[in-house]
Amino acid sequence: MRQFRDAPQQASQHPFVIRQMTFEDMPAVIALEQASFRNPWSPELLRRELEHDWSTILLVEEPLPGGQKRLLGLAIFWIVQDEVHILNVATAPEHRRRGVGRAVMDELLARGRSRCCILATLEVRRSNEAAIGLYRSLGFRSVGARPK
Ligand SMILES: CC(C)(COP(=O)(O)OP(=O)(O)OC[C@H]1O[C@@H](n2cnc3c(N)ncnc32)[C@H](O)[C@@H]1OP(=O)(O)O)[C@@H](O)C(=O)NCCC(=O)NCCS
């Protein structure tokens, strides 16, 4: 799916904190990946993304009483020249439909715009209605289907 720079932009109002992942976040991120995907990203793959300067892993957290934070979701994306490519988006199963996915997508698209990107792309399984619903609500449109 693709979204162009002229797609309507809506900055979501949300109570979350969004920041970049560091190596210390690895255990919580692995747990979120495992809860979200049949084929979760491995620590090795995530470590490699953290080392690539074209790659960003954003974490969505919720402040808890007592100063701690709970990890709710993440997005992994690349900025290559004037394109944003989204590799992975996930919200913890028990926190879905709270606006976490939209918040992290809004943030990564804003980061892309601030780096003068004109196009955002991603791939999603045809059967993934939740993700397609999220991406469509953000202005993404289908541009083709790979067999199987
Ligand atoms: C896809 C996913 C990230 C959505 O995260 P989320 O935090 O629940 O999404 P949001 O609450 O921000 O939803 C935003 C919009 O997306 C759409 N949407 C989200 N979940 C949906 C669902 N189950 N069915 C239909 N539309 C859905 C709706 O338009 C929703 O807006 P609304 O709640 O006002 O109706 C989440 O379902 C997930 O982690 N799935 C498993 C991992 C995955 O498949 N990732 C995508 C890989 S390409």
*List the number of the failed condition for ARG146; all other conditions in (1) within 12 Å of the ligand (Cβ to nearest atom); (2) over 21 Å from GLN9 (Cα atoms) hold.*
(1)
*Filtered residue count, region 16-51, keeping only those that are touching a residue at least 24 places away in the same chain (Cβ under 8 Å) and in a loop (DSSP other than H, G, I, E, B)*: 5
_region 113-123: number of residues that are within 16 Å of the chain's Cα centre (by Cα) and surrounded by fewer than 17 Cβ atoms within 10 Å (Cβ to Cβ)_ = 4
*Could you say which residue among PRO65, PRO27, PRO40 is farther than 22 Å from ARG111 by Cβ and surrounded by 15 or more Cβ atoms within 10 Å (Cβ to Cβ)?*
PRO40
*Would you be able to tell me the number of residues in region 113-147 that are within 18 Å of ILE79 (Cβ to Cβ) and of a type in the set (Asp, Glu)?*
1
*For region 113-134, name all the residues that are farther than 17 Å from ARG19 by Cβ and more than 8 Å from the ligand (Cβ to nearest atom).*
ARG113, ARG115, CYS116, CYS117, ILE118, LEU119, ALA120, THR121, ARG126, SER127
_Residue satisfying condition, being surrounded by 12 or more Cβ atoms within 10 Å (Cβ to Cβ), within 12 Å of the ligand (Cβ to nearest atom), under 14 Å from the mean Cα position of the chain (by Cα) and within 20 Å of ALA35 (Cα to Cα), within set LEU138, LEU74_ = LEU74
*Could you pull out the residue among VAL80, VAL60 that is more than 8 Å from the ligand (Cβ to nearest atom), at pLDDT 95 or above and exposed (fewer than 12 other Cβ atoms within 10 Å of the Cβ)?*
VAL80
_All positions within region 93-105 that are crowded, with 19+ Cβ neighbours inside 10 Å and more than 7 Å from the ligand (Cβ to nearest atom)_ = VAL104, MET105
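The values are calculated or read from the model by the stated rules, or taken from the named source; none is laboratory data. Just so it is clear, the structure is predicted and the values come from calculations on it, not from any experiment. Cβ coordinates were reconstructed from backbone atoms using ideal geometry, including for glycine residues, and neighbour counts include every protein chain displayed.
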